[in-house]
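Below: one structure, written as structure tokens.
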Amino acid sequence: MENKEFFKKFDFNLWGNRYSNFKENKHGYLLEDGTEFMPYYGSVVFYDVLLSQPSFYTTHYEYYKESCELKYYGKYLGIYNGRSDVKIGIWRYYDENGILTKEVDEDKKFGKFSYNEVLEFLNKQKELTTFLQEKRILNLRTGENAENIWYEFNEKTRLWTIQAFNDIAPDQWQRGWRYIINTDTGKLIKKERISDDSYYPDPVLEKIKDEDAALKKAEQEKGIGTSLKDIGHITEEKNIYQVYKGKAYSDRADLQSVR
């Protein structure tokens, strides 16, 4: 059965018998070609589909509830629990008679740093884990860790926010890194360690604090004042660059970039 034909309409009979003739997978069911689909029938009706492995996006098919006819489909960045609301590629919309009424190119909203550049950026990042070992955030070749990355894109602020959990222990913690990137310039605005656990000490955070303290101490001893290590600390109330060659100044271009 061809994928396009299978997803052209939501089959309520298959839903009713819980897809008994399909092989189950970790998150859903498999077609013969290996395509994985996750059905849902409730207040909304849809399939979330992973067409290939490794995969970094989810194809979303949504249907009219009464007729189960296709309403629209397109791609969201991210997979499984990391499936975001960031639309990418061409989205197609249909009326209840199956007539195409609209096509939207969602890629037009991105600047020079689109989702492909985001994926390439993550592929290059190697960050410390709780055991102070370097681990790649994302492997584009194998798809490793793709489901543990969450994406947000704000069209008004022109910022990507990516939360990547590369350090996970079941029932204990999820730890990783947050990156904020300007889509128009590709500039990394902020990078910080994130953790949802308060019961276990985080050696990486302690290491970062120690490195920050050592850096500030060295700068003070050299008499160069306070420098910017984390651009996320820029505010209008703070003159980050206190002294440079005897002159105080603040870089307003950087201030504008984080608004």
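The values are calculated or read from the model by the stated rules, or taken from the named source; none is laboratory data. Bear in mind that the values here come from a model prediction, so they are computed numbers and not experimental data. Counting neighbours? That spans all protein chains shown, and the Cβs are built from the backbone with ideal geometry, glycine included.
Assorted remarks:
- Subset of the range 130-182 (residues that are in a loop (DSSP other than H, G, I, E, B), acidic (D, E) and either closer than 24 Å to Y76 by Cα or in contact with a Cys (Cβ under 8 Å, 6 or more places away or on another chain) (or both)): E144, E155
- Verdict on G225 being assigned to a loop (DSSP other than H, G, I, E, B), at pLDDT 75 or above, in the same structural domain as I162 (by TED's automatic domain parsing) and small (G, A, S): no
- Pair list, Cβ < 6 Å and 6+ apart or interchain, from the range 180-207 residues that are over 30 Å from G111 (Cβ atoms) to residues that are among the aliphatic types (A, V, I, L, M) and modelled with pLDDT of 75 or more: P203/L132; V204/L128
- Matching residues, the range 109-166, being small (G, A, S) and more than 19 Å from S55 (Cβ to Cβ): G111
- Residue check, Y80 buried (at least 17 other Cβ atoms within 10 Å of the Cβ) and either among the acidic types (D, E) or not assigned by TED's automatic domain parsing to the domain that holds N145 (or both): yes
- Single residue of K65, K75 found to be within 24 Å of F22 (Cα to Cα), part of a strand (DSSP E or B) and basic (K, R): K75
- Residue within the range 87-96 that is farther than 24 Å from Q174 by Cβ, surrounded by 17 or more Cβ atoms within 10 Å (Cβ to Cβ), among the β-branched types (V, I, T) and not assigned by TED's automatic domain parsing to the domain that holds K191 present: yes
Condition check ((1) surrounded by 14 or more Cβ atoms within 10 Å (Cβ to Cβ); (2) in the same structural domain as N123 (by TED's automatic domain parsing); (3) over 26 Å from I162 (Cβ atoms)) across all residues:
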position: G42; (1), (2), (3): no, no, yes
position: Q53; (1), (2), (3): no, no, no
position: L70; (1), (2), (3): yes, no, yes
position: L100; (1), (2), (3): no, no, yes
position: V104; (1), (2), (3): yes, no, no
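- Test: residue in the range 19-31 that is over 26 Å from the mean Cα position of the chain (by Cα), among the acidic types (D, E) and within 19 Å of Y57 (Cα to Cα): no
- Taking (1) under 16 Å from the mean Cα position of the chain (by Cα); (2) surrounded by fewer than 16 Cβ atoms within 10 Å (Cβ to Cβ); (3) outside the structural domain of K26 (by TED's automatic domain parsing) in turn, N145 satisfies each apart from (2).
- Within the range 1-21, the set of residues being exposed (fewer than 10 other Cβ atoms within 10 Å of the Cβ) and part of a helix (DSSP H, G or I) comprises K4, E5, N13.
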